[in-house]
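Below: the structure, in structure tokens.
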């Protein structure tokens with residue numbers, strides 16, 4: 001591969017690393033938005049989508065990083081020395097978020113009968129807000145770790161990172177589903193719809209554009 005072509009391919013693959021991390025983070029944000037709206041069914045659907053995204057991300061990251069390692073070795077050795085240089089990594093990194101599950105939510109926001117309606121509401125909104133905040137922290141951690149690998153391929157294993165992120169997200173979501181949705185369905189019904197997920201509106205907009213384009217093509221072909 002010629003040097004110019006190798007450099008261009010290197011840029012493409014580096015961008016693909018960022019794209020993989022962005023997609024994982026985006027689907028975590030979808031889950032957070034569904035939880036913020038107290039929509040258990042949508043949350044369950046989003047978690048299923050996220051699981052597929054994580055599986056794809058692990059496979060894609062393994063392939064992309066493998067090719068990048070070969071390219072960087074070629075571009076920083078022999079006649080091609082100096083084409084690339086190691087990027088400096090920040091001294092302070094975002095720590096990996098701690099595991100948050102059903103037990104943790106119940107410990108932080110306990111409910112011991114008998115309790116008032118206000119106590120119930122405070123505990124369940126507290127659990128929900130904490131899970132949304134926790135998922136937001138996982139998004140930041142995911143993006144930073146992905147950026148670190150894009151700059152220094154050996155910093156961490158991306159497949160392992162996305163597997164760990166998947167475990168953290170699943171634990172938090174399952175914990176929220178159990179301690180809020182399943183245990184207190186009446187409260188969830190009263191809260192659902194108060195904070196509609198933004199990503200649903202974006203999906204609807206895209207679907208409308210796609211349908212419009214398809215309709216125009218159909219009329220032209222008629």
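Here, each number is a calculation from the coordinates, and none is a lab measurement. What you are looking at is a predicted structure, and each value in this text was computed from that prediction instead of being measured. So basically every Cβ, Gly included, is an ideal-geometry build from the backbone, and we count neighbours across all protein chains shown.
In terms of its C-alpha gyration tensor, the range 12-60 has an oblate overall shape, because the principal axis ratio a/c (a ≥ b ≥ c, square roots of the eigenvalues) is not below 1.5 and a/b does not outweigh b/c. Quick one: grab the alpha carbon gyration tensor of the range 112-163, order the square roots of its eigenvalues as a ≥ b ≥ c, and give me rounded if a/c is under 1.5, else prolate or oblate depending on whether a/b is larger than b/c. In terms of gyration-tensor shape, prolate.
The largest-to-smallest principal axis extents of the Cα set in the chain are 76, 60, 22 Å.
Placing pseudo-labels 7 Å out from each Cα toward the beta carbon at residue 215 and residue 94 gives an inter-label distance of 4.0 nm. Computed over the range 88-137, the P(r) tail beyond 12 angstrom holds 69 percent of alpha carbon pairs. May I ask for the angle, rounded to the nearest 10°, between helix 158-176 and the longest principal axis of the chain, with both axes built from Cα atoms and the value confined to 0 to 90°? Once rounded, the angle reads 10 degrees. The angle between the Cα long axis of helix 117-151 and the longest principal axis of the Cα atoms of the chain comes to about 0 degrees, rounded to the nearest 10. Compared with the dominant Cα axis of the chain, that is its longest principal axis, helix 3-36 is turned about 0°.
Available extension along the chain between residue 19 and residue 73 is 17.2 nm, counting 0.36 nm per residue and deducting the alpha carbon span. Extension gain, residue 200 to residue 186, is 2.6 nm, computed as 0.36 nm per intervening residue step minus the present C-alpha separation. Packing-based ranking of 112-125, 139-152 yields 139-152, 112-125, ordered from highest to lowest mean Cβ neighbour count within 10 Å. Take every pair of alpha-carbon atoms less than 8 Å apart whose residues are at least six positions apart; their mean separation over the length of the range 3-213 yields a relative contact order of 35 percent.
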